[in-house]
Amino acid sequence: MLILGVESSCDETGIALYDSAAGLLSHALHSQVAMHAEYGGVVPELASRDHIRRVVPLLREALERAGKSLSDIDAVAYTRGPGLAGALLVGCAFAEALALAIGKPTIPVHHLEGHLLSPLLSSNPPTFPFVALLVSGGHTQLMKVTGVGEYELLGETLDDAAGEAFDKSAKLLGLPYPGGALLSKLAETGTPGVYELPRPMLHSGDLNFSFSGLKTAVLTLVREQGAVLDDAFKANAARAFQEAIVEVLVRKSLKAMKQSGLKQLVVAGGVGANKQLRATLDEEAKRKRLRVYYPELEFCTDNGAMIALAGCLRLQAGTPAKEAGVFAVQPRWPLMDMSVSGK
Ligand code: KG4
Ligand code: ZN
């Protein structure tokens with residue numbers, strides 16, 4: 001069974017071909033980062049227009065790399081939500097129209113389910129059940145995952161998402177968009193312990209997070225510094241921010257594993273690319289005899305491969321594909337709506 005995956009929820013256009021027997025055959029991606037950088041953030045209208053320009057060439061590229069043609073595709077999976085409405089509409093309309101033209105069904109996919117299952121694309125994948133730490137630009141959740149569509153929410157952020165906190169703090173430090181990855185690079189050159197920032201909700205007793213206070217603490221630090229932020233200050237402040245957020249994410253993940261009695265942790269979403277988060281989790285896992293799984297770096301941030309995979313796994317789990325042609329996007333869509341237990 002060959003599944004075409006289409007991702008267009010934000011500022012990346014992703015197309016991939018996933019074969020249920022052979023695995024990922026090819027994927028093609030275009031990032032709009034350079035285009036949005038000029039504006040300091042994602043401009044939704046520009047994002048939608050760029051998705052329109054990119055989808056067809058990316059589809060051709062993915063087909064060519066896999067040595068496949070349109071007639072080989074059995075179903076078209078695409079991101080239905082959550083995300084930017086206009087951007088979602090482009091991928092959704094494209095996928096539905098293509099499926100209609102080739103006479104194949106579609107599988108609308110939840111973007112976060114794509115992230116959640118993305119470590120299954122790696123050569124050494126986890127097995128169910130596992131605890132998942134989902135850390136993206138819009139979400140921060142700890143989840144118990146028993147199978148495809150079997151999710152239990154253990155904890156989530158009460159305000160900003162981890163990626164959002166990275167991006168906003170980066171902006172406060174004067175870094176250009178997209179700030180998260182740049183802040184983490186800068187943090188590598190900073191000295192730990194020069195500044196101490198709060199670890200919000202570390203001892204809250206539950207598995208929830210809150211990051212807006214941390215962002216405010218960065219703002220206070222910046223204000224105290226005065227008008228000019230020198231390079232050493234920026235690096236040390238970035239380091240302090242990263243130390244704080246990583247400690248909270250790691251402690252809560254370990255607590256979730258202890259509470260659920262599970263030995264495998266899956267880290268997914270853009271912040272999962274963070275080196276310090278990975279190093280700290282790996283160290284703790286070694287000490288506690290736990291295993292941590294990450295998607296390949298290229299599948300941490302948005303991509304078509306995770307959408308094709310999620311679509312394929314959904315079909316295999318018994319979710320029926322739908323007839324192509326009638327569709328709607330879902331810009332706001334809690335992941336728990338995808339769980340059979342609905343918890
Ligand atoms: O999963 P993703 O590509 O998009 C969403 O679905 O939100 O995640 C993007 C987020 C951004 O907030 C970005 O700053 C963050 O992931 N990010 C990072 C790193 N790379 C991307 N945050 C920390 N360290 C990184 N290396
Ligand atoms: Zn994402």
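The values are calculated or read from the model by the stated rules, or taken from the named source; none is laboratory data. Nothing here was measured: the structure is a model prediction, and the numbers come from that model. Glycine gets a Cβ as well: all are built from the backbone with ideal geometry, and neighbour counts include every protein chain shown. What goes into the accessible areas is simple: the full protein's heavy atoms, side chains included, and nothing from ligands, DNA or RNA. Shrake-Rupley method; radii C 1.70, N 1.55, O 1.52, S 1.80 Å.
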_Cross-link partners of Lys68 among aspartates and glutamates (Cα-Cα below 19 Å; sequence separation of 8 or more within a chain)_ = Asp19
*Of Gly261, Gly163, Gly179, which has the largest mean-square fluctuation in a 10 Å C-alpha GNM of the chain?*
Gly261
*When each pair of different Cα atoms in region 44-177 is counted once in the 1/r mean, what is the Kirkwood radius in angstroms, to one decimal?*
17.4
*Per-pair calculated FRET efficiency, R0 = 45 Å: Asp337 and Arg251 via Cβ, rounded to 0.05*: 0.95
*When the gyration tensor of region 128-294 is built from Cα positions, what are the square roots of 5 times its three eigenvalues, in whole Å, from largest to smallest?*
29, 15, 14
*asked:* Using only the alpha-carbon atoms, how far is helix 179-188 inclined from the longest principal axis of the chain? Give it as 0 to 90 degrees, nearest 10.
replied: 50
*What does the convex hull of the Cα atoms of region 263-315 come to per residue, in Å³, rounded to a whole number?*
70
*Enter the accessible area per residue of the chain (Å², integer; probe 1.4 Å; all protein chains in place).*
42
_What is the distance in Å between the Cα centroid of region 106-172 and that of region 1-55?_
19
*Stokes-Einstein diffusion coefficient of the chain, Kirkwood radius over Cα pairs, 37 °C, 0.692 mPa s, in µm²/s*: 160
*asked:* Can you give me the distance in nm between label points at Glu296 and Leu70, each placed 7 Å from the Cα along the Cα-to-Cβ direction?
replied: 2.8
*Looking at region 277-315, which trypsin sites (Lys or Arg not before Pro) are DSSP coil and have at most 10 other C-beta atoms within 10 Å of their C-beta?*
Arg289
*May I ask you to derive the FRET efficiency for Ala232 and Lys275 from their Cβ-Cβ distance with R0 = 22 Å, giving the value to the nearest 0.05?*
0.60
*Setting aside same-chain residues fewer than 8 positions from Lys234, which lysines have a Cα under 17 Å from its Cα?*
Lys168, Lys171, Lys185, Lys215
*For region 128-294, which whole-number percentage of the solvent-accessible area (1.4 Å probe, protein heavy atoms only) is attributable to carbon and sulfur atoms?*
52
*Please go through region 7-69 and write out the GluC sites (Glu not before Pro) that DSSP classes as loop and that have at most 12 other C-beta atoms within 10 Å.*
Glu38
*Using label points projected 7 Å from each Cα along Cα→Cβ, tell me how many nm separate Thr146 and Thr191, to one decimal.*
5.2
*Can you pick out the pairs among Lys255/Lys275; Lys263/Lys286; Lys263/Lys288 whose Cα atoms lie more than 18 Å from each other?*
Lys255/Lys275
*Using a Gaussian network model of the chain with C-alpha springs under 10 Å, which one of Gly180, Gly114, Gly103 is most mobile by mean-square fluctuation?*
Gly103
*Using a Gaussian network for the chain with springs between C-alpha atoms less than 10 Å apart, which of these wobbles most: Leu17, Leu84, Leu221?*
Leu221
*How much length is gained on full extension from Leu219 to Leu158, taking 0.36 nm per residue of separation minus their Cα-Cα distance?*
20.0 nm
*For Lys258 paired with Ala22, estimate the spin-label separation in nm (one decimal), with each label point 7 Å from Cα along the Cα-to-Cβ line.*
4.7
_What FRET efficiency comes out for Asn124 versus Gln316 if R0 is 30 angstrom and r is the Cβ-Cβ distance? Round to the nearest 0.05._
0.90
*Helix 231-260: angle to the longest alpha-carbon principal axis of the chain, degrees 0 to 90, nearest 10?*
60
*Crossing angle, helix 162-172 versus the chain [Cα axis fit, 0-90 degrees, rounded to tens]*: 60
